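The values are calculated or read from the model by the stated rules, or taken from the named source; none is laboratory data. Since this is a predicted model, take the numbers as computed values, not measurements. With ideal geometry, Cβ positions are generated from the backbone for all residues, glycine too; neighbour counts draw on all protein chains shown. Please note that ligands, DNA and RNA were not included when accessible areas were found on the heavy atoms of the full protein model with its side chains. Shrake-Rupley method; radii C 1.70, N 1.55, O 1.52, S 1.80 Å.
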Amino acid sequence: ELGIRIPRPLGHGPSRFIPEKETIQVGKEDTTMHTLFAESFATLGRLDNVTLVMVFHPQYLESFLKTQHYLLQMDGPLPLHYRHYIGIMAAARHQCSYLVNLHVNDFLHVGGDPKWLNGLENAPQKLQNLGELNKMLAHRPWLITKEHIEQLLKTEENSWSLAELIHAVVLLTHYHSLASFTFGCGISPEIDCEGGHTFRPPSVSNYCICDITNGYHGVDEIHASQAGSIPVSSTESVCEVEALMEKMKQLQECRDEEEASQEEMATRFEREKRESMFVCSSEDEESAATRDVSRHFEDTSYGYKDFSRHGMHVPTFRAQDYSWEDHGYSLVNRLYPDVGQLLDEKFHIAYNLTYNTMAMHKDVDTSMLRRAIWNYIHCMFGIRYDDYDYGEINQLLDRSFKVYIKTVVCTPEKTTKRMYDSFWRQFEHSEKVHVNLLLVEARMQAELLYALRAITRYMT
């Protein structure tokens, strides 16, 4: 009657892919989770949907929040408004308006100049110079050379210091991979964010007011959400889980019996790397960047391209020549104290996280499966581990799963609910979120390795 427009949530719960009743409800969490919610609220000023989905894995969430808080708010080489602006630049590369909008607010809150938000060309030249590195890290990190680093460090009055550049690189990789998590888990915008609400139509004849305030959106939406999912017989899914466990058992037995030669291992890696190029998302429509997001970066047509296409050959990045443990970690820790430690802890938690369960089975050693996922992602980035048999990947990861992995890691903005639903159909949502944590951390580490190797080469 007063003409006030009342917002109502557009979605149900923190994720478009996970039914609200299967997420952890605020108010019903245990004490560990409650502490994490409080921490998240204190740092971010809100309890965001990323936290509400990540909390399926409290140990990881704690490490993630600690790292993010350090990168954005604690002492470091870069001023606060630069940090949020770099977050905007990184998230915009994947058209992740959810993260862009969050950091636009934070950027203004810490006193950032609103004019910079009209487009990258309005930001200081120093930040504009970061555009090239941002684009390559996000889409083709294997192309980064020490010359790119040199350009940033030696451009007279707009030059970066080594410590600032390390801070910027960690922020860029953090937000590229967080965009992967956001799209991979179908994170919905919060009600107060753009895209998170709609307004009640003027005519309320079809609704009872209490329905609207309780978030009921009418029958049509329920049908629409059901239509998107793929029906699958439970016996078919159960067979899927049993078959995967059987393969793991067989592979373990083969491992115990014989070991492939180094040449054979190298051949299997090259084969898997080649095959990964032919895995592409079935829903390969171009998702156009909205003007709103695309103004935060240049060269909007630049995107992911497989590294061996068009006659380009990228030399294999051998993990024993430059690894996170032996090289990257100490470089980051030297130039940006404590961050190497925080990242290392986060990588370890994601890689080693296990509850020894698979769907309905308990007491399962899942290390082989976790390693296959991690190494498949690094293989897509051209990174090879000499001691790993890449033949295992094809045994353990089926095609629909590979499509999902490659989409979330390389072109996250193209991830659909259908892709999420079509892999590991009998597994819990918490297990699929766990997969996303592996994808996020493996991707971040791969990007970091290429950037840090280039910095090391520049320094030596």
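Might you work out the accessible area of Arg16 for me, using a 1.4 Å probe with all protein chains in place, and round it to the nearest 10 Å²?
Here the residue's solvent-accessible area equals roughly 130 Å².
Where q = 0.16, 0.17, 0.21 Å⁻¹, what log10 of I(q)/I(0) comes from the Debye formula for the stretch 1-127, counting one point per Cα?
Taken in order of the listed q values, log10 I(q)/I(0) reads -0.94, -1.02, -1.26.
Hey, rough spin-label estimate for Glu253 and Gln125, points 7 angstrom out along Cα→Cβ, what's it come to in nanometres?
In this crude spin-label approximation the distance works out to 6.8 nm.
Greater than 25 Å separation of Cα atoms is the criterion. Which listed pairs, Lys135/Lys414; Lys126/Lys273; Lys247/Lys406, meet it? List each step's numbers first, then the result.
On the way: Lys135/Lys414 17 Å; Lys126/Lys273 36 Å; Lys247/Lys406 22 Å.
Violating the 25 Å Cα-Cα cut-off are Lys126/Lys273.
Got a number for carbon plus sulfur as a percent of the stretch 375-460's accessible area, 1.4 Å probe? Before the final figure, lay out the partial values.
Values: 900 of 2140 Å².
Reported share for carbon and sulfur atoms: 42 percent.
Which residues' amide hydrogens lie under 5 Å from the amide hydrogen of Trp160, considering only partners 5 or more residues apart or on another chain, with H built in the peptide plane?
Hits under the 5 Å cutoff: Leu153, Lys154, Thr155.
Hey, rough spin-label estimate for Glu20 and Arg271, points 7 angstrom out along Cα→Cβ, what's it come to in nanometres?
Roughly 4.9 nm, to one decimal.
Along the Cα→Cβ direction, 7 angstrom out, place labels at Glu29 and Glu345. What is the inter-label distance in nm?
1.8 nm
Averaged per residue, what accessible area in Å² does the stretch 29-111 show with a 1.4 Å probe, protein chains only?
Values: 3070 Å² over 83 residues.
Here the per-residue accessible area is 37 Å².
Using a 1.4 Å probe on the protein heavy atoms only, what accessible surface does Glu392 show? Give it in Å² to the nearest 10.
Roll a 1.4 Å probe over it and Glu392 shows about 10 Å².
What order do Ser40, Ser161 take when sorted by accessible area (1.4 Å probe), most exposed first? Write out the running numbers ahead of the final one.
Values: Ser40 0, Ser161 55 Å².
Correct descending sequence by accessible area is Ser161, Ser40.
With a 1.4 Å probe and all protein chains kept in place, how much accessible area does Lys247 have, in Å² rounded to the nearest 10?
80 Å²
Could you order Lys402, Lys417, Lys249, Lys21 by accessible surface area, starting with the largest, using a probe radius of 1.4 Å?
On the way: Lys402 15, Lys417 60, Lys249 115, Lys21 165 Å².
Ranking Lys402, Lys417, Lys249, Lys21 by accessible area, largest first, yields Lys21, Lys249, Lys417, Lys402.
Taking the alpha-carbon centroid of each part, what is the distance from the stretch 63-108 to the stretch 352-392 in angstrom?
Value for the Cα centre distance between the two parts: 30 Å.
With the other protein chains left in place, how much accessible area per residue, in square angstrom, belongs to the stretch 412-460 at a 1.4 angstrom probe?
Numbers: 1320 Å² over 49 residues.
On a per-residue basis, 27 Å².
As a test of reading the structure, rank Met245, Met33, Met360 by solvent-accessible area (1.4 Å probe, protein chains only), most first. Show your work: numbers first, answer last.
Numbers: Met245 50, Met33 25, Met360 90 Å².
Highest to lowest solvent-accessible surface, that is Met360, Met245, Met33.
Under a straight-distance cross-link criterion of Cα-Cα below 18 Å, which lysines are reachable from Lys21, leaving out those fewer than 8 residues away in the same chain?
Within reach: Lys417, Lys432.
For the stretch 52-154, which trypsin sites (Lys or Arg not before Pro) are both in a DSSP coil and crowded by at most 13 other Cβ atoms within 10 Å?
On the way: sites: Lys66, Arg83, Arg93, Lys115, Lys126, Lys135, Lys146, Lys154; in loops: Lys154.
Passing both the DSSP loop test and the Cβ count: Lys154.
Normalised by the residues of the stretch 329-387, what does the relative contact order come to in percent, with Cα pairs under 8 Å and at least six apart? All intermediate terms of the calculation are to be shown ahead of the outcome.
Values: 29 pairs, mean separation 10.0, N = 59.
Computed value for the stretch 329-387: 17 percent relative contact order.
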